[in-house]
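Read the figures in this text as sums done on the coordinates, not as results from a lab. Everything numeric in this text was worked out from a predicted model, so none of it was measured. As a convention, Cβ positions derive from the backbone with ideal geometry for all residues, glycine included, and neighbour counts pool all protein chains shown.
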Amino acid sequence: MSGTYKRCWCFLIRLYIGCNLIFFVSCQQSTEDAGIRIRWADKRATGLRIPRQLALAVAADSLNQRMAVRLAGNETSMLGQFQLADNDILFEPLIPLTRGLHYTIWLGNKRLGEVAIPNLNPDDKPTVLGIYPTQDSLPENLLKIYLHFSRPMREGQSPKYVAILKNKNDTLPGVLLDLQPELWNADRTLLTLWLDPGRIKRDLQPNKRLGAPLQTGVPYQIVVSANWPDTQGATLGRSATKSFVTVPRDSLSPDPEQWSINQPKQGSLDPLEVTFGEPLDYSLLTETLHVIDEEGRAIAGKWQPVDEEKRGLFKPVMSWNTGQYRLKIESRLEDLAGNNLNRPFDRDITRKNKSPTPHLFVDMLFRVK
């Protein structure tokens, strides 16, 4: 028996001649054949390593003009950068490559290869860590809802996967503001959803025409669908629900003069505890409170809302020193109805009384002994 091998660009033919029998075996060129490798970080495909020999004729300063990565079957090139790294060409996309999809690599009109981004393990799914506010009694003029996820989620999906139900049955249309782009934090794990402000403010036409989004004394549910995918293509797997009942409107601004501070002990890492007397905006609580020492320096640490956002705990990085401190509160801090320290969200514009002079900050003093 004799054997003959012939290699081509797209397939390998192995021809055996013997006993008057001929066998043909065809195989698609694989990623391993091309030597193209996927770069990973935190389970995300953050780039591609392409062997330099596949584009030896291309100068380093021409890579971005000559080379492209495209979604398979698509003519549009992905946004990203090509650069030399060791003996490879490194492609870093503007956003990570999506699991379950195929990408082709091009040099001009020549296709260099194709890579498939593998799917996650079926059991590896994101979760909803929390829906805020956490209270089960919320004002009928509630302004914002926060969804906290365990890992980065795919953007632009909230209109499809978030609903507000009335009486556990009726889906309310047009209650949430359809913002594009959506309001995500930097790592896309915290999403801010706004109830339509035009319907909350009583002097505006949307309110007069459609009424307020929520009514007092009615049970509601916020439902997050199990089908929402994360940036890696894995879905939540199970839905998340928060139930609440609405209470009358809140039209009063938060008042720091009514707050109390439980100061920590000198030399300890005990948290500074601040009690607000009412639930405040979950996200703003972590951004608008600052602890300042006698020298005017900010104390490093982290704020954690607790007790249904009615208290805040500040956990310092370093132990407390003896002395006087200042809790510096940004006046943009809001309650659940969007009332900040300077003015209520929905104020009567027809009233002629003069509003107090707004302040950027409000200070509270405390001493560590």
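For Lys265, list the aspartates and glutamates whose Cα falls under 18 Å from its own Cα; do not include residues on the same chain fewer than 8 positions away.
Those aspartates and glutamates meeting the cut-off are Glu273, Asp293, Glu294.
Based only on the alpha carbon positions, what is the Kirkwood hydrodynamic radius of segment 35-116, in angstrom?
On the way: mean 1/r = 0.0789 Å⁻¹.
Across segment 35-116, the inverse of the average 1/r is 12.7 Å.
Using θ = phi - 60° and the Karplus curve 6.51 cos²θ - 1.76 cosθ + 1.60, what whole-Hz ³J(HN,Hα) does each residue of segment 293-310 get, with Gly and Pro shown as x?
Once θ is set to phi - 60°, the couplings for segment 293-310 become 8, 5, 8, x, 8, 6, 7, 6, x, 9, 8, 10, x, 9, 6, 6, 6, 8 Hz.
If I compute Kirkwood radius over Cα pairs in Å from the structure I just sent, which labelled value in (i) 25.5; (ii) 20.8; (iii) 21.4 lines up?
(i)
What list of ³J(HN,Hα) values in whole Hz, one per residue of segment 88-95 in order, does the Karplus curve 6.51 cos²θ - 1.76 cosθ + 1.60 (θ = phi - 60°) give from phi, with Gly and Pro shown as x?
Once θ is set to phi - 60°, the couplings for segment 88-95 become 10, 9, 9, 10, 10, x, 4, 10 Hz.
Hey, fewest Cβ within 10 Å first, where do Leu165, Leu179 land in order? Mind dumping the intermediate values first?
On the way: Leu165 16, Leu179 13.
Ranked by crowding around the Cβ, least crowded first: Leu179, Leu165.
Strictly over 29 Å apart at the Cα level, which of Lys144/Lys166; Lys43/Lys310; Lys166/Lys302; Lys125/Lys310 would you flag in this model? Display every interim value, and only then the final one.
Details: Lys144/Lys166 17 Å; Lys43/Lys310 36 Å; Lys166/Lys302 37 Å; Lys125/Lys310 31 Å.
Listed pairs above 29 Å: Lys43/Lys310; Lys166/Lys302; Lys125/Lys310.
Which lysines does Lys168 reach when only Cα atoms under 19 Å apart count, and residues fewer than 8 places away in its own chain are ignored?
Lys160, Lys242
Whole Å is fine, so just give me how far the alpha carbon centre of segment 271-335 lies from that of segment 234-251.
Centre-to-centre distance over Cα atoms comes out at 26 Å.
Going by how many other beta carbons lie within 10 Å of each one, how would you line up Ile299, Ile145, fewest first? Don't skip to the answer; put the middle values down first.
Details: Ile299 17, Ile145 21.
Placing the least packed residue first, the sequence is Ile299, Ile145.
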